[in-house]
1. Apply the a/c threshold of 1.5 to the C-alpha gyration tensor of the range 113-251 and tell me whether it is rounded, prolate or oblate.
2. So how strong a dipole does the range 137-261 carry about its Cα centre when Lys and Arg Cβ are +1 and Asp and Glu Cβ are -1, to the nearest 20 debye?
3. Quick one: among Thr151, Thr402, Thr92, which has the greatest mean-square fluctuation in a GNM of the chain with alpha-carbon springs under 10 angstrom?
4. Which Cα, out of Val155, Thr221, Ile281, lies furthest along the positive dipole direction of the range 79-333 (beta carbon charges, K/R +1, D/E -1)?
5. From the helices alone, meaning DSSP H stretches of at least four residues, give me the mean residue ellipticity at 222 nm for the chain, per-run term -39500 (n - 2.57), in deg cm²/dmol to the nearest 500.
6. Can you give the FRET efficiency to the nearest 0.05 for Arg292 and Thr92, using r as the Cβ-Cβ distance and R₀ = 25 Å?
7. Where the only charges are on Cβ atoms (+1 Lys, Arg; -1 Asp, Glu), what is the dipole of the range 110-166 about its Cα centre, to the nearest 20 debye?
8. At q = 0.11, 0.13 Å⁻¹, what is the base-10 log of I(q)/I(0) for the chain according to the Debye formula with one equal point scatterer per Cα and no solvent? Please give it to two decimals.
Amino acid sequence: MRYSGITERDRQEMLRVIGVESVEDLYRSVPQAVRMNRPLQVDGPLPEASLMRRLEEMKGPAPRVSLVGGGLYNHYVPAPVDSLAARSEWVTSYTPYQPELAQGTLVMYYEFQTYVCMLTGQELANGGMYDASTAMAEAVMMARRIRKKATDLYVSDAVHPEYRRVLDTYLQFQDDVKLHVLPVDPETGRTIVDIPTDVQRDALAIIVQSPNFFGVIEEGTAVADDAFVISVCTEAQSMALLDPLRADIAVGDMQSFGIPVQLGGPTAGFMAAKKEHVRQIPGRLVGKTKDRLGREAYCITLATREQFIRREKATSNICTSSGLMCLRASIYLSLLGKEGLQDVARQSARAAHAFCEALEEVGLKRVHDGSFFNEFVVDASARPQLWEALRASGFVMGIPLTRWWPDREHQYLVALTELHYPQIRDLIQEVKRHAHDS
């Protein structure tokens with residue numbers, strides 16, 4: 001609900017129109033027995049996220065605990081993101097084809113592109129993609145335009161399985177592309193690039209995700225320096241602390257930045273690349289220029305995927321860039337800044353590492369020993385009833401990996417964020433209590 005402040009004069013005028021003398025008169029029908037005749041007991045001062053959690057707890061039973069990640073992460077969304085993104089000039093805006101009427105929207109896209117470049121270390125970025133899965137598939141199509149004679153595509157088995165399903169759909173109509181899956185080291189959880197350097201050099205692309213689907217941070221050292229690499233990132237918050245992989249095209253999802261999980265979507269994908277590939281990147285690019293009076297102005301400088309311009313030669317048939325979601329990400333990043341983003345990223349990492357250590361104390365071992373950010377796979381074979389017992393109490397401890405790998409029974413993908421950091425001790429105690437009972 002939007003808050004609208006009023007003055008005492010406003011209050012008196014409202015009471016006059018209603019026909020009562022005081023605010024107390026409005027509550028005469030409410031029995032005294034159910035009224036709270038004392039100030040609301042709220043601990044404070046509190047950070048906004050802690051205050052909202054406290055108010056939720058006061059409303060009734062404690063909200064469900066969810067340690068689910070796997071591409072969608074429950075990060076805190078600051079109140080200004082909702083407030084600003086809901087303004088009518090954003091909600092009713094369309095693609096900014098007429099720059100003289102859409103300078104605000106164009107500035108937002110320009111800032112979004114700038115943030116993506118800063119996070120990925122790339123030279124240019126487009127004005128957003130539909131989501132990470134289609135961004136990855138579109139990056140492969142972009143690689144085909146750049147590397148016309150190459151046919152062998154190598155994809156890590158640690159890339160999000162649902163992203164790979166989207167890619168499989170795209171490749172159904174690309175008969176000359178040969179897909180090869182790179183295995184994962186069962187100990188480290190990192191991708192094994194066991195192909196000769198010259199084969200890598202001649203490949204269409206090598207796709208690696210970091211942190212990968214199992215939460216492990218990929219090193220990328222086994223990938224040849226002159227191989228064409230597509231890097232993928234689902235947990236965008238990790239980019240605040242981790243060095244980006246060397247890549248010719250970087251894609252991923254901005255959902256971690258001010259976009260709620262909201263039943264799986266919509267989110268906002270991103271794509272960034274080297275400047276030499278600007279003509280092959282799908283989507284629109286917004287640039288800064290000057291108008292005829294010499295004032296700073298913004299406009300769409302390149303739109304290679306637009307069917308109304310390129311028709312059958314368009315670089316993509318997906319016309320949406322999830323503009324409102326790009327807006328939310330841009331507002332979020334503007335609010336937090338570099339230091340703020342790094343701070344919440346550290347909280348996510350600390351919560352995840354503390355929780356992982358606590359699980360080991362009750363016999364639940366981490367499956368891989370490679371470094372991780374805020375997500376990891378745990379083997380609960382020693383306590384096979386624990387996951388169901390926790391779920392029955394409203395505590396969802398990750399995603400069962402049998403959803404994609406039937407042989408990974410009792411293995412769960414667990415993710416924690418800055419929202420779990422203030423309550424990590426309580427979460428650990430809850431798990432230990434159920435572990436001892438099971």
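Bear in mind these aren't lab numbers, they're just calculated from the coordinates by the rules spelled out. In this text the structure is predicted, and so the values were computed from the model without any measurement. When we count neighbours, we look across all protein chains shown, and the Cβ atoms used for this are built from the backbone with ideal geometry, even at glycine.
1. On the way: a/c = 1.37, a/b = 1.11, b/c = 1.24.
Rounded shape, in that the Cα axes give a/c under 1.5.
2. 440
3. The residue that fluctuates most here is Thr92.
4. So the residue furthest toward the plus end is Ile281.
5. After summing the helix terms and dividing by the residues of the chain, the value is -10500 deg cm²/dmol.
6. Taking R0 as 25 Å, the efficiency between Arg292 and Thr92 is 0.35.
7. Its charge dipole is roughly 420 debye.
8. -0.92, -1.17
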